[in-house]
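Colleague: Let me give you the structure first, and then I'll get to my questions.
Readers should treat all values here as calculations from the given coordinates under stated rules, not as data from a laboratory. Just so we're clear, the structure is a prediction, and the values are computed from it rather than from any experiment. Note that each Cβ is placed from the backbone with ideal geometry, even for glycine, and that neighbours are counted across all protein chains shown.
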Amino acid sequence: MMKSFKKILTALTLSATLLAAGCSSDSAKTSGSSGSDGDKKETVSFTYWGGDFDKKRMEAIRTEFNKENPDIDVKLIQIPSDGYDQKLLTSMAGGSSYDVVQLAEAFNTYAGKGTLEDLTPYMEKDGVSKDDYFSAGMEAYTYDDKVMAMPMRLGAMIMLYNKDLFDKNGIPYPTDKWTWEDFHNAALKITNKKDGVFGVQGVGTWWANYMAYVESFGGSLMTEDHTKFNLDSPESIKGLQFMQDLIYKDKAAPLASDIPKGVDLWTSGKIGMLVDGPWHILSAIANIKDFKWEVAPIPTGEKFTTPLFSNAFAIPKGSEHKDAAWKVVKFWTGEVGQTILAKEGGEVPPLKSVANSDVYLKVHGDAVNLQALVTSVDGAFVPPITSKWGEINKLADTYLAPIFSENADVEKQLKDMKPQVDKMLTEAQQAK
Amino acid sequence: MMAKTKQVYSSISKHEKRNFWIYISPWIIGFLAFTAIPFFSSLALSFMQWDIITPPKWVGFDNYKELMEDKIYFWNALRNTIFYALVGVPLSVTLGLLLSIMLSKEIKGINAFRIIFYLPAVFGGVAVLMLWSYLLYPGTGNGDAGLINAALGWFGIEGPGWSQSEFWSKPAVILVGLWGVGGSMMIWLPALAGVPKELLEAAEIDGASRWRKFWSVSFPLITPAIFFQVTMGIIGSFQIFMEPKIMPGNQKAWTDSLMVNLFDNAFTFYKMGYASAIAWILFIMIMVLTVINLVVSKRWVYYESN
């Protein structure tokens, strides 16, 4: 225990010293390296998160980039996903040593603090049009009407379904026109307690989980201007109630304690419909051998919408190689970079032309209906991320968990939750 | 003559002085960089608002005020932490002592037993906690249960829900900590060995029972070790972090400790000032408890020197 305590204190000082260093070294900064005067190679340092898979992609794109831009040397810096936010934060606090950074949920915090370069002028200069990209993807990285990062990979909550279980129960496969009522009926039919089979999985307190239902039912976590709690609106309550009923009334979705530790009910064929992120597609291709499955958009309620997942590349204001950095961002999020991403057949390329081409849609042949994912991204909503996102998520976890794991009264939980979230939202507004 | 000796002496001393500072510098630098500076900067930070990106802003006692009003996280975490200390410390001290008494017997192969019971203290950390969360998995009983509940099931006992139940999630955290109780042998065994054999034999001749021998002879003589274990145990349980972080209850509020709360604020929400305030409250509480412990110890701890 002592150790972790010390670690935290150490981290505290380290960041303190980094901050101090950042403040004092602004003028003396030599940053990057332009090599000798003879060869005019400019170095762009580029940091991203992920594992081997991501490394392979990034290096493949760099190879193509080097062919067109021999005068720019891209230094790729891979950071494991787990420590990425902390690492980036300390480096940004120290005046940032990176020229291009990958961002997702932390975008609003950085943009709000004015630490990111406005990319709009660069886009105008080079004729990069917002309209070529999926609108939700651009919206997620626009702050005060300025584009401050270019989206790299998109995804959305989708529904994977076990075709064998649909066939067995004589239910027609889900379509784009499916409503939550169709979903509910199918869930009831598929659920079979004796075999340990559940109709649905994906009912929980993770933001994308509950927002998928709530937004589709016409509700939302907060009002559109991000100033007030809205999860207690009648529409939101309807969504949450629908989720709770799936667990307690219909017994069609498993409780946490119904899922044996270390067992994936979905890949073992015990789940009819899985409402979750697009990463399940590649995992299903690799792991599911015993049954047939397919992908569909989530059902439609008041409207069709689903939470967007995304990440993007931005240029910190502290970069001293902004023009070269823009070339890098443009290339990675442009056609060549996106095509390399498309060939993985996982996440959706933000560039509409690439996403809608056969390069992406047919990458798995006819085995997987990637069109469902593209449709989902096209209709997706941007999660309401404020600078208090982490804290609001923890509140949601605290107050929504009893609804899904103890059958607590939905309205009562929301009544208790409201003042807490409102307080956070007010603080977020004041911090602006 | 005098002058020469003095000169030689002073040059040696200069040389030695320099060497002294060179040799000791790693520790001084280490102490400054990793203890003293963090210590004082966290005190300063606890009066500031700092999100790492923007410069810190002085807010006076606001962080502390906010903490006192934070019923859902801070007070809840404090309650949980006190539970860990109140229940965990007596259990681990008693169990550690009982185990060590058994392992202090001079029987054949005792060293093998000592090694076996000491081993958990060697393997520690996150990997073991992950294993424990598998072992303690509640399950529904029909083959899905964790190993411990499955084993209980053989005897017709329906195992509790452990981390899935509000009542059992905290005991589960303590139970996992008790697994490493053999580590305290390092303190107990020498203390028990230090009890003079003559005294025990004399008591035996006087017809004292086993219990009497322990209570009237051994116990008073090992009170310093007990005092040490209780003090360290309280400090340790106030800083409990890994167990509730790695195997939290189904609702984290059931198990979150002050350190988990601190970690969340610092590295999830980037509220460094607020987190520092928690660290200082924790520090003050541990300090006060330790002082109380020291004062009370005068009444029951026996040192041979007095």
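Colleague: At R0 = 22 Å, how high is the FRET efficiency between residue A:268 and residue A:188 if r is their beta carbon distance? Nearest 0.05 is fine.
Modeller: 0.55
Colleague: Determine which residues of segment B:248-292 fall in the zone a paramagnetic label at residue B:65 would reach in this model, i.e. backbone nitrogen under 20 Å from the point 7 Å along Cα→Cβ.
Modeller: Residues B:271-281 fall inside that zone.
Colleague: ³J(HN,Hα) across segment B:49-62 via Karplus (A = 6.51, B = -1.76, C = 1.60, θ = phi - 60°), whole Hz, x for Gly/Pro?
Modeller: 10, 8, 9, 6, 7, 8, x, x, 10, 5, 10, x, 8, 3
Colleague: Separation between the residue B:13 and residue A:126 pseudo-spin-labels, each 7 Å from Cα along Cα→Cβ, expressed in nm?
Modeller: 7.1
Colleague: Related question: For a 26 Å ceiling on Cα separation, which of these pairs sit above it: A:87/A:415; A:189/A:418; B:71/B:252?
Modeller: With Cα atoms farther than 26 Å apart: A:87/A:415; A:189/A:418.
Colleague: Something else about it: For segment A:270-399, how many pairs of lysine residues have a Cα-Cα distance under 26 Å, where the two are 8 or more positions apart or belong to different chains?
Modeller: Final tally of qualifying lysine pairs is 19.
Colleague: OK, next. Assuming R0 = 25 Å, what is the FRET efficiency of residue B:28 and residue B:283, from their Cβ-Cβ distance, to the nearest 0.05?
Modeller: Between residue B:28 and residue B:283 the formula returns 0.65.
Colleague: Expressed in nm², what is the orientationally averaged projection area of the convex hull enclosing the Cα positions of segment A:258-323?
Modeller: Averaged projected area of segment A:258-323's Cα convex hull equals 9.2 nm².
Colleague: Classify segment A:213-318: rounded, prolate or oblate, from the alpha-carbon gyration tensor (a ≥ b ≥ c, eigenvalue square roots; a/c under 1.5 rounded; otherwise prolate if a/b is larger than b/c)?
Modeller: In terms of gyration-tensor shape, oblate.
Colleague: Which value at 222 nm does chain B reach when only helices count, each DSSP H run of 4 or more adding -39,500 (n - 2.57), with the total divided by all residues and rounded to the nearest 500 deg cm²/dmol?
Modeller: That comes out to -20000 deg cm²/dmol.
Colleague: Follow-up question, since we're still on this one. What nm distance separates the two modelled labels at residue B:291 and residue A:406, each placed 7 Å from Cα along Cα→Cβ?
Modeller: In this crude spin-label approximation the distance works out to 3.8 nm.
Colleague: Can you put B:287, B:48, A:211 in order, fewest other beta carbons within 10 Å first?
Modeller: In order of increasing Cβ crowding within 10 Å: B:287, B:48, A:211.
Colleague: Using θ = phi - 60° and the Karplus form 6.51 cos²θ - 1.76 cosθ + 1.60, what ³J(HN,Hα) does each residue of segment B:102-110 get, whole Hz, x for Gly and Pro?
Modeller: Here the 3J(HN,Hα) series is 5, 7, 8, 5, 8, 10, 5, x, 4 Hz.
Colleague: Using a/c under 1.5 as the rounded threshold, could you call the protein assembly as shown rounded, prolate or oblate? The axes a ≥ b ≥ c are square roots of the C-alpha gyration tensor eigenvalues, and prolate needs a/b larger than b/c, oblate otherwise.
Modeller: It is oblate, given that a/c is not under 1.5 and a/b is not larger than b/c.
Colleague: OK, next. Counting pairs of alpha carbon atoms under 8 Å apart in space and at least six apart in sequence, what relative contact order in percent does chain A give?
Modeller: That works out to 23 percent.
Colleague: Could you identify which residue out of A:396, A:380, A:93 has the top mean-square fluctuation in a GNM of chain A using Cα springs shorter than 10 Å?
Modeller: Maximum among the listed residues: A:93.
Colleague: Sticking with the crude label model, points 7 Å out along Cα→Cβ, report the distance from residue B:223 to residue B:57 in nm, one decimal please.
Modeller: 5.5
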